[in-house]
């Protein structure tokens with residue numbers, strides 16, 4: 001039954017009273033929104049392996065839901081997306097667009113554009129001008145070949161086509177660069193600066209295009225002076241925003257600084273109202289409302305916490321719910337069937353070729369003139385060819401102003417999709433930044449010679465931090481390892497790990513990062529909101545006279561380990577310290593904080609790929625108290641227990657225990673577990689079991705090692721330790737009978753604040769007995785997992801150490817077999833060939 005659009009009601013009386021909810025505005029909007037979100041999110045998951053931006057999935061989702069695919073079914077289209085409902089859907093989506101453009105303005109730092117130098121400026125200018133001129137050329141072709149285009153005024157059509165082909169989507173480009181680890185390379189920095197300049201120019205050109213477009217007709221009897229008045233009013237608006245509004249927003253931001261304990265809700269509401277008012281004013285002038293929101297976003301100071309607070313309040317709702325509606329509505333308006341015949345598809349190919357050639361060629365030539373190598377120059381051209389979000393906004397405005405008809409709109413939407421889609425795979429194929437391997441070889445604490453002659457060398461540690469809650473325990477741990485600081489100076493690198501997401505705040509964080517090493521270096525500028533993690537460690541460095549270099553890594557969790565391992569390689573660190581993905585209260589029973597399985601996966605990948613020794617801290621309040629910045633006299637771990645079963649990892653733990661023994665006030669106890677003597681027992685053989693899961697099974701090194709040689713190395717390490725630290729440490733030998741109970745007894749005793757144990761990738765016979773046990777946290781190794789589990793009542797913090805050794809790089813889950821044959825003792829715990 002046809003619906004009278006003039007009598008549409010907001011909500012229905014319900015199905016029981018005979019009302020069909022699909023004939024009412026609000027229930028239909030709910031159905032439309034849910035359907036768009038389900039389709040776009042599903043497509044985003046499908047495209048995620050291809051590393052495509054989310055906007056691609058949202059546009060394709062809209063195309064599938066619209067007349068190009070599902071919309072061919074008339075009944076579906078009239079029921080779910082009837083014509084009368086589209087203004088309502090687009091109005092809701094436009095609110096999201098308004099606030100999204102406000103977020104884009106927040107992301108753009110005008111001062112960084114001014115600092116970017118002539119090279120980025122000239123690359124951006126070439127990347128705009130050549131495609132713009134090419135777009136004008138294509139516009140002439142389209143006017144002669146596409147029916148109805150010649151009805152539109154010459155000026156506005158030429159400007160819209162020029163803008164459509166010359167634009168670069170800054171928000172999409174920033175995320176692509178971060179995904180590809182190019183953000184801090186010379187190519188990435190140049191592309192970001194050029195794209196930021198391009199973005200500002202694009203919005204100015206768009207404002208010009210809208211002013212020229214008017215009602216979309218080249219005629220109509222309106223005076224040409226109207227466009228001039230629109231432009232002059234727009235310029236006056238921008239000047240007013242800079243002279244009056246910006247100083248006011250600076251004052252508001254100061255009122256919301258960390259010195260004031262809370263951010264007044266009134267200022268947040270005032271700012272959100274300012275977005276709407278700015279949009280209304282520019283719409284009143286005759287320029288699109290989004291221009292006002294964008295300019296208002298530029299007036300917000302990027303320093304301080306106010307911008308971050310604004311983003312927290314609006315970005316999830318806008319980016320997650322409202323914005324997908326806008327880009328899906330673009331897809332709903334795209335009818336691929338309008339591109340009919342060989343001529344129309346030829347025009348699509350022409351538009352794509354012209355857009356790509358103009359942008360890539362213009363950027364490439366100017367980059368070469370600035371002595372950028374050809375491969376990097378080509379990469380810059382490909383990156384600057386990114387369209388996406390901003391392009392779709394331009395096209396929608398063009399269609400709304402009736403400058404673009406259905407066929408031209410469909411051609412340009414497909415062009416935007418294609419150019420954005422090819423960016424990531426093209427850049428990955430062409431450009432990979434050189435990351436040379438360091439010649440530094442010594443990647444572990446334990447030296448090959450027992451003479452300790454290398455103790456005077458600088459000890460380099462890289463400590464990773466998830467947030468402020470990790471800081472006190474890590475500082476206490478690092479302080480306790482400084483024992484012989486005069487003999488072994490300490491250089492500490494601190495990396496704050498932050499997840500890069502689709503959220504705008506990720507890009508705002510990226511703006512605050514300045515390059516000085518890999519992957520990111522956070523320079524603290526006067527007046528800038530300081531990172532609490534960096535501040536805490538810098539304060540510790542000043543108090544304890546430690547050379548501290550804080551860094552911030554912002555990356556997707558799937559590739560975070562690459563950044564960490566690369567920094568460890570570049571900085572030639574000896575040991576890398578990771579916080580466990582769970583952090584318990586001091587009673588050991590209740591999980592205080594769980595970072596989730598994705599962060600656990602980051603730790604597992606680092607353990608596998610790091611080219612240095614790795615220590616993972618299971619924190620149960622190490623050092624006591626929540627002191628944010630412990631100094632050199634802090635309450636560091638007073639009671640430390642080193643569990644020694646034998647093997648390379650345990651020898652590394654022993655070496656760390658020696659450093660802790662030097663620290664004043666530290667009481668280090670070595671508990672060495674030995675096998676029973678004089679009792680016949682079957683040898684334990686571990687065989688690879690590829691059927692077992694790595695998640696719930698312990699994995700061991702596949703290297704073939706001589707058991708007798710390992711025992712000799714264990715004896716030498718223990719003897720050297722006792723000889724060197726006699727009087728400073730306690731040494732206890734325990735005959736192993738029930739390892740699990742004996743280890744748990746130590747952990748539950750409360751005598752030790754920290755227990756240090758090797759991961760046991762090449763285990764002793766005692767540890768090998770635990771190989772078939774079900775693992776809760778396999779990455780901790782058999783003994784570390786027992787102590788790290790919250791189910792066993794352990795109260796001590798646990799440090800699990802993995803010694804760097806290329807021979808142990810390959811690991812597999814195993815099955816335990818008892819070998820009763822008397823075949824000697826040389827291979828009792830090595831992995832036998834499958």
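Since every read-out is calculated from the coordinates, none of them should be taken as a lab result. Just so it is clear, the model here is predicted, and its values are computed rather than measured. Using ideal geometry, Cβ is built from the backbone for each residue, glycine included, and neighbour counts are taken over all protein chains shown.
Points to keep in mind about this one:
- Computed extension gain for residue 133 through residue 204, at 0.36 nm per residue and net of the alpha carbon distance, reaches 23.9 nm.
- Each label was represented as a point 7 Å from its Cα along the Cα-to-Cβ direction; for residue 235 and residue 22 these points are 5.4 nm apart.
- Rh by Kirkwood over Cα pairs, then Stokes-Einstein D for region 285-397 at 1.002 mPa s and 20 °C, µm²/s: 119 µm²/s
- Residue separation of residue 501 and residue 15 scaled by 0.36 nm, minus their Cα-Cα distance, works out to 170.8 nm of gained length.
- Spin-label model distance (nm) - residue 601 vs residue 344, 7 Å beyond Cα toward Cβ: 4.2 nm
- Distance in nm between pseudo-label sites at residue 542 and residue 144 (7 Å out along the Cβ direction from Cα): 7.1 nm
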